[in-house]
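We did not get these values from a lab; they are worked out from the coordinates using the rules stated. Since we're looking at a predicted model, the values are computed, not measured. We place every Cβ from the backbone using ideal geometry, glycine too, and count neighbours over all the protein chains shown.
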Amino acid sequence: MSHPSPTQLTRLLNVFGPVLGLLFVIGVFSANPEVRPYFLTGANFKIILTQTVIVAICALGMTLIIVSGGIDLSVGSAVALTSVVGATLIVKGWPVPAVGLMTVLAGAALGLLNGAAVAGLRMMPFIVTLGMMGVARGAAKWMAGNQTVNYPNSPINQIMTLTAPRQLLPLPAGVWVAIALAVVMAVVMRQTVFGRHVFALGANELAAQLSGIRVRLHKLIIYTLAGMFFGMAGLMQLSRLTQGDPTVAIGLELDVIAAVVIGGASLSGGSGSIAGSMIGALIMAVLRNGSNQSGWPTYMQEIIIGIVIILAVAVDRLRQRRAG
Amino acid sequence: MRATLLRWLLGMGLVFPLAGLPAADKPLKIAVIPKGTTHEFWKSVHAGAVKAQRELAAQGVKIELFWKGPLKEDDRDQQIQVVENFMTRRVDGMVLAPLDSQALAAPVANAAKAGIPVVIFDSDLKSDQYVSFVATDNYQGGCLAAEHLAKLLNGQGNVILLRYAVGSASTEAREAGFLDTLRKHPGLKVISSDQYGGATRETAYQAAQNLLNRYGREVHGVFAPNESTAIPMAKALRDIGQGGGRVKMVGFDAGTQSVQDLRAGDVQGLVVQNPLRMGYAGVMTLVRHLRGEPVAKRVDTGVTLVTAENMEQAEIQALLHPPLDQYLK
């Protein structure tokens, strides 16, 4: 790393932009002397990190999909359905590891269906996953009997439980899981042949195909892998609500897409980074947390988050124009 | 920016010292967390909280109020986030209307563990970690609605219950009270009680239309357990020409539109809570607890049946038109 190549430099800059954004947002809330003593504490950042876990894990899958030139609108429904699957299995008395595994696999199954339609039938991912958004949401309500699935206390609840409310450590297990998955995915995206193929696919699908990349197989793998992340997020949601809720996470897909876009990915595919997406997810969580604590009304939060998304895309446009 | 970062890093590792009750000149910070902020009901709660704040200020007790609903109306996860964020804000106490009796139990237990007392209002919580539960006796409200409907129908006819949403303890108690009381009237038959209106007026309107499309010709009486189901149900009844009392309707809560429907004769009765008293009693109970005074574990804020006959009485008018402007400017 002593002599970074030009591409490494660009990548560094791409990640640096979102980092500046994150520091700026933290700085804005810290500027208020009344809020600072509460906002800038380990305890508060533990809460922010915990609140980021679900969006962050989903963003891992979504980054993969968006970089490959696709989109997935069924994320929120997938999280709801897999959380109901998990809760139902707990009620049925399945052991904890099996519940975790099946919840993740349920997500993978949804992803496989999406991938099969996108790759096998050459359908537009926007439409396919829009359909899946309805199918999975309906299936979740059906499976849950149109109500929440409540179970007696389970060790799964511990994954996202906050302990020691006055300090940063220990972080809930869910935060560590998200960090570990992010590190693995960052390596996969940058260092593996598969990761490079995902970028190639998003940058120019035809060129990728002509250079011998098995486009359809890759799409199938990408959507299935992303589905596994959505299932994992479903497990986290289950743990957080301590119940399976078929109406949870409505509109989550928009938060996830926003995180990925704020993180520097382009919706036209071929660019984006795991680190950027993680910071994008953090920026939104910090905005929510900070506006709560500053006593800003809810509508201000919505307006500000909207503006941040538009700014992020504008910055991306400028960057591309300069590069082009 | 560098100084900010340094503070942040320092703060991450620091264990913050226990903050006791603030000194007399420092205001008590109290967060009031409703289920949403757009329903008129919650605005009355807000007014009640401000009323308590003003009365306490007159006694020399300063209160700083944070009024904050979930970012997405009726989203459990977002309400959990609000509770957590106020926990690290180190407010002196919270007054919370939980969106779900189970999902909010862990965050409330967490706040209690962090030494922040929580008063629950409006909807029950499956927990014993709260200071007090300030609410309408919702079951009683459902019973009152059923008795009134039975009287309107002379004990004979087919009845529809349009439910509100799963997991909302307050409306579920009303629905249970309504159905239990109807059973005492063998001439009344429940022809539908398994449909849910959902979070918004739009979803409830669709559910009401669909129900009336199926049962419109055989139904004689309808009960809707809250504002967001009652208003669309009355509208759907008007749409099919069954307004004006041809189908008897009893609603819950006193939204502006519901009161108009009552006056116009499309609604024959409204079971009305006292949200202003709820906000008031919630804050007052919390402050009493913070001062170390004993408080009741359950505070009932009462229900009243409002009909076209009694709606002009002064005390009913105060319920129907809470003096919001006086408190919320």
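Below are the figures for this structure:
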| item | result |
| --- | --- |
| Simple spin-label estimate for B:Lys151 and B:Ala58 in nanometres, 7 Å along Cα-Cβ | 3.5 |
| Amide H within-cut-off set for B:Phe121, under 5 Å, with H built and near neighbours excluded | B:Leu96, B:Ala97, B:Val134 |
| For the range B:138-272, diffusion coefficient by Stokes-Einstein and Kirkwood Rh (Cα), 10 °C, 1.306 mPa s, µm²/s | 113 |
| Anchor A:Lys46: aspartates and glutamates whose Cα lies under 18 Å away (excluding residues fewer than 8 positions away in-chain) | B:Asp77, B:Glu84 |
| Cα-derived Rg over Rh, computed across chain B with Rh taken as Kirkwood radius | 1.04 |
| Average partner coverage of B:100-112, which counts Cβ from other chains inside 10 Å | 4 |
| Isotropic mean projected area of the C-alpha convex hull, chain A (nm²) | 17.8 |
| Among B:Ile120, B:Ile33, B:Ile63, residue whose mean-square fluctuation peaks in a GNM of chain B (springs only between Cα atoms under 10 Å) | B:Ile63 |
| Residue-wise HN-Hα coupling along the range B:29-36, computed from phi with Karplus coefficients 6.51, -1.76, 1.60 (Hz; x: Gly, Pro) | 9, 10, 9, 10, 10, x, 7, x |
| Shielding of B:60-70 by partner chains, average beta-carbon count, 10 Å | 2 |
| Taking chain A and dividing mean pair separation by its residue count, relative contact order in percent (alpha carbons under 8 Å, at least six apart) | 34 |
| For the range B:77-109 versus the range A:149-207, the gap between their alpha-carbon centres in whole angstrom | 25 |
| Kirkwood hydrodynamic radius over Cα pairs of the range B:185-259, then Stokes diffusion coefficient at 4 °C and 1.567 mPa s, in µm²/s | 105 |
| Using a Förster distance of 22 Å, the FRET efficiency for A:Val183-A:Val19 (Cβ separation, nearest 0.05) | 0.85 |
| Mean Cβ count within 10 Å, highest first, over the residues of peptides B:46-57, A:207-218, A:99-110 | A:99-110, B:46-57, A:207-218 |
| Two-site label geometry, B:Asn210 and A:Ala31: point separation in nm, points 7 Å out along Cα→Cβ | 4.9 |
| Normalised per residue, the volume of the convex hull around the Cα set of the range B:65-201 (Å³) | 116 |
| Within straight-line cross-link reach of B:Lys26, aspartates and glutamates at Cα separation under 18 Å, skipping those fewer than 8 residues along the same chain | A:Glu34, B:Glu55, B:Glu64, B:Asp92 |
| FRET efficiency, A:Val91 to B:Thr38 (Cβ-Cβ, R0 45 Å, nearest 0.05) | 0.85 |
| Rg and Dmax [Cα atoms of the protein assembly as shown; Å; Rg one decimal, Dmax integer] | 26.5, 90 |
| Cβ-derived FRET efficiency at R0 51 Å, A:Arg122 paired with B:Asp325, nearest 0.05 | 0.25 |
| Derived scalar couplings ³J(HN,Hα) [the range B:178-192; Karplus, 6.51 cos²θ - 1.76 cosθ + 1.60; whole Hz; x for Gly, Pro] | 4, 5, 4, 6, 4, 4, 6, 10, x, x, 9, 10, 8, 9, 8 |
| Most positive-pole-ward Cα, B:Ser132, B:Gly243, B:Thr200, against dipole of chain B from beta carbon charges | B:Ser132 |
| Peptide-level mean, for B:205-214, of C-beta atoms on other protein chains within 10 Å | 0 |
| Amide H contacts under 5 Å for B:Val190, placed H, 5+ residues apart | B:Val159 |
| 5 angstrom amide H check on B:Leu28, placed H, neighbours 5+ away | B:Lys62, B:Ile63, B:Glu64 |
| Karplus 3J(HN,Hα) series, Hz, for the range A:39-47 with 6.51 cos²θ - 1.76 cosθ + 1.60 (x for Gly, Pro) | 6, 8, 10, x, 4, 5, 6, 4, 5 |
| Cα→Cβ-extended label distance, 7 Å offset, between B:Lys26 and A:Ile303, nm | 3.2 |
| Highest average packing first - B:225-236, B:312-323, B:81-92, Cβ atoms within 10 Å | B:225-236, B:81-92, B:312-323 |
| Entries in B:Lys68/B:Lys126; A:Lys92/B:Lys126; A:Lys141/B:Lys235; A:Lys92/B:Lys189; B:Lys51/B:Lys248; B:Lys51/B:Lys235 that, when Cα-Cα distance is taken, lie over 32 Å | A:Lys92/B:Lys189; B:Lys51/B:Lys248; B:Lys51/B:Lys235 |
